[in-house]
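Okay, so here's the structure we're looking at.
All of the numbers you see were taken from the coordinates with simple rules; none came from a lab. Note that the coordinates shown come from a computational prediction; the quantities given were computed from them, not determined experimentally. Positions of Cβ are generated from backbone atoms using ideal geometry, with glycine treated the same way; all protein chains shown enter the neighbour counts.
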Amino acid sequence: MGKSIKYELGYSNIDFELWIILHKKDLFGSVGSKSQYLKNINQIFGTKYEGLKEYKEEKNFKQILSQITLEDAKVAYCKGRENN
């Protein structure tokens, strides 16, 4: 047909930042907005992002994902099942 399709990385889950954090750290308490998760992301992953937009840039996001291991996912899954 002569058309090309370009896909771009994206996600829209409002709690996605929390999901990323919970693979590395137990998090207790509440936050007023998802932007408050950035402090935890920077602490856990050794980054210094100034805003969620910077964290969500493809190269930065991939760097974060590369630090989540299969073992991290297994532990997070087991902890989640214990709490249900």
**Prompt:** Given charges of +1 on the Cβ of Lys and Arg and -1 on the Cβ of Asp and Glu, with all other atoms neutral, how large is the dipole of the chain about its Cα centre, in debye to the nearest 20?
**Reply:** 140
**Message:** Nearest 500 deg cm²/dmol is fine: what mean residue ellipticity at 222 nm does the chain get from its DSSP H runs of n ≥ 4 alone, each adding -39,500 (n - 2.57), divided by its residue count?
**Reply:** -13000 deg cm²/dmol
**Message:** Longer than 19 Å from Cα to Cα, which of 34/56; 3/53; 6/48; 48/79 are they? Say none if no pair is.
**Reply:** 3/53; 6/48; 48/79
**Asked** Which net charge results for the neighbourhood of residue 45, defined as the other residues with beta-carbon distances under 11 angstrom from its beta-carbon, given Lys and Arg at +1 and Asp and Glu at -1?
**Response** +3
**Prompt:** From the residues 61, 29, 45, which one has its Cα farthest along the dipole of the chain in the positive direction, the dipole being from +1 and -1 charges on Cβ of Lys/Arg and Asp/Glu about the Cα centre?
**Reply:** 61
